[in-house]
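K.L.:
Before anything else, here's the structure in question.
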Amino acid sequence: MTNIIRQFGSSGELPLPKDPLFLCVIATTETSNIPGITGAGASPELTEYTPAADVELIVHGRPLCLPEIPQTVVEGSSTPTPAVITKAALEMADLPFLVADAGAAIKPNIPFVNINQEPGKDIQTGQAVVNAEQIFKQGEILGKVLSKLTDHLFIGESTPAGTTTALGVLTAMGYDVNHKVSGSMPYNPHDLKQKTVANGLKAAGIKPGELSNDPLKAVELVGDPMIPAVAGIVSGIEIPITLAGGTQMTAVCAVIKKILPEFEWENLNITTTIFVAHDETSDINYISHQIADYSIFAVDPHFEKSNHQGLKNYLNGSVKEGVGAGGAMMAALLKGISMEDIRRRTEQLCNEIF
């Protein structure tokens with residue numbers, strides 16, 4: 001494997017797409033209700049609203065499903081949802097934005113594609129996703145349709161506790177991921193995540209690695225609905241794909257590897273933010289190296305130059321990534337928008353919305 005994280009600039013790394021399309025796949029898992037496991041919401045109970053609120057913010061400029069803007073609150077300091085970064089980048093590049101519901105508990109008040117309506121359960125039950133194969137097949141149908149509408153598909157996701165469910169799937173498949181997945185808080189609760197996964201595997205009656213050749217079963221036991229949905233979309237596509245996300249997307253790649261052994265990895269990359277790439281509590285490159293030879297890019301919005309304290313909190317390890325923020329910035333850079341302009345628009349939106 002030759003995986004290595006490369007910082008993404010404004011040109012030179014990828015062919016320029018003529019008609020890129022940005023898709024955000026939303027889902028929830030009751031795993032996010034476990035106290036302390038995720039910061040993707042002001043409280044565990046509100047995490048079920050986060051995906052819907054994120055995409056509503058991108059479309060409407062504000063959430064409609066709840067009165068509060070999704071934020072990560074650590075030690076009294078609030079960090080705005082990465083949806084504001086995605087919104088700024090897509091607006092400036094004038095890129096089309098589409099939402100697919102893979103299983104969100106709260107449905108957004110916008111038009112969206114329905115892949116699956118059933119949210120994920122707590123993975124500690126060992127019965128996390130009831131219909132992973134059907135979700136995969138529905139995603140595959142959507143992928144085939146989108147292949148005819150764009151020459152480069154960017155796929156982001158919003159799934160609170162998604163790093164824990166990714167850990168579950170990767171562990172069930174036998175990958176070495178202990179203390180390697182990222183998280184939405186400066187302190188990464190690895191021990192809690194490991195315990196949660198261990199409880200789920202025990203409840204399901206399987207051992208780590210036992211499902212190395214059955215990825216959809218791994219999803220059904222200890223995963224979330226986003227993973228088979230995105231894997232299915234990718235399987236149905238015959239154009240370049242950017243998986244816009246962090247370590248959650250490595251679980252998607254692990255599923256694809258087993259279901260599609262002849263998959264052409266040169267057509268796929270993972271693009272994240274510099275905050276995931278430089279995260280000392282995780283290692284997306286180490287995980288990827290075990291899976292397949294795809295490119296990994298990291299985009300730096302240079303929030304150290306920002307005047308907005310909430311955005312500066314990203315530098316301290318809050319949030320890091322989500323709602324396809326890294327990939328959205330990459331798409332804008334490929335369309336010729338400068339990072340300075342993306343950052344300024346993000347600051348403007350933060351001042352207007354928050």
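Rule-based calculations on the coordinates, nothing more; no lab input. Values in this document were obtained by computation on a predicted structure and should not be read as measured data. With ideal geometry, Cβ positions are generated from the backbone for all residues, glycine too; neighbour counts draw on all protein chains shown.
K.L.:
Can you give the Rg to Rh ratio for the chain, taking only C-alpha atoms and Rh from Kirkwood?
P.N.:
Taking Rg over the Kirkwood Rh, I get 0.93.
K.L.:
So between residue 293 and residue 178, what do we pick up on full extension, going 0.36 nm a residue minus the alpha carbon distance?
P.N.:
My answer for the length gained is 39.3 nm.
K.L.:
Using Cα pairs under 8 angstrom and six or more residues apart, how large is the relative contact order of the chain, in percent?
P.N.:
For the chain, the relative contact order is 26 percent.
K.L.:
Using R₀ = 41 Å, calculate the FRET efficiency as 1/(1 + (r/R₀)^6) where r is the Cβ-Cβ separation of residue 351 and residue 260; round to 0.05.
P.N.:
0.35
K.L.:
Using only the alpha carbon atoms of the range 202-266, find the Kirkwood hydrodynamic radius as the inverse mean reciprocal pair distance, in angstroms to one decimal.
P.N.:
Radius from the Kirkwood sum: 12.6 Å.
K.L.:
Next question, about the same structure. Quick one: what does P(r) look like for the range 138-277 with 5 Å bins over all Cα pairs, in whole %?
P.N.:
2, 11, 21, 22, 20, 13, 8, 3, 1
K.L.:
Report the gain in length on full extension from residue 130 to residue 78: 0.36 nm times residue separation, minus Cα-Cα distance, nm rounded to one decimal.
P.N.:
Extra length available between residue 130 and residue 78 comes to 15.2 nm.
K.L.:
Can you run the Rg to Rh ratio on the range 19-68? Use alpha carbon positions and the Kirkwood inverse-distance Rh.
P.N.:
Result for the range 19-68 is an Rg/Rh of 1.04.
K.L.:
Moving on to the next point. At a Förster radius of 25 Å, what calculated FRET efficiency corresponds to the Cβ-Cβ distance of residue 192 and residue 43, to the nearest 0.05?
P.N.:
With a Förster radius of 25 Å, E is 0.95.
K.L.:
What is the set of long-range amide H partners of residue 113 at a cut-off below 5 Å, with H atoms built 1.01 Å from backbone N?
P.N.:
Close amide H contacts, sequence-distant or interchain: 99, 100, 101.
K.L.:
Among 239-252, 202-215, 101-114, what's the highest-first ranking by average C-beta atoms within 10 angstrom per residue?
P.N.:
In decreasing order of mean packing, 239-252, 202-215, 101-114 become 239-252, 101-114, 202-215.
K.L.:
So what are the ³J(HN,Hα) numbers for the range 49-60, from phi and the Karplus equation (6.51, -1.76, 1.60; θ = phi - 60°), rounded to whole Hz, Gly and Pro as x?
P.N.:
8, 4, x, 4, 5, 4, 6, 5, 4, 5, 7, 9
K.L.:
Further, regarding this structure: Residue-wise, which Karplus ³J(HN,Hα) couplings in Hz belong to the range 250-262, taking 6.51 cos²θ - 1.76 cosθ + 1.60, θ = phi - 60°, and x for glycine or proline?
P.N.:
In residue order, the calculated couplings are 5, 5, 4, 5, 5, 5, 4, 4, 7, 7, 10, x, 9 Hz.
K.L.:
So for the range 5-353: antiparallel DSSP bridges make up what percent, rounded to the nearest 5?
P.N.:
Within the range 5-353, antiparallel bridges account for around 10 percent of the total.
K.L.:
With a point put 7 Å past each Cα toward its Cβ, work out how far residue 285 is from residue 16 in nm, to one decimal.
P.N.:
Taking the simple label geometry, residue 285 and residue 16 are separated by 3.0 nm.
K.L.:
Multiply the residue gap between residue 148 and residue 59 by 0.36 nm, knock off their C-alpha separation, and tell me the result in nm, one decimal place.
P.N.:
My answer for the length gained is 29.7 nm.
K.L.:
Oh, and also: To the nearest 20 Debye, how big is the dipole of the chain about its Cα centre, given +1 on the beta carbon of each Lys and Arg and -1 on that of each Asp and Glu?
P.N.:
Here the chain has a charge dipole of around 80 debye.
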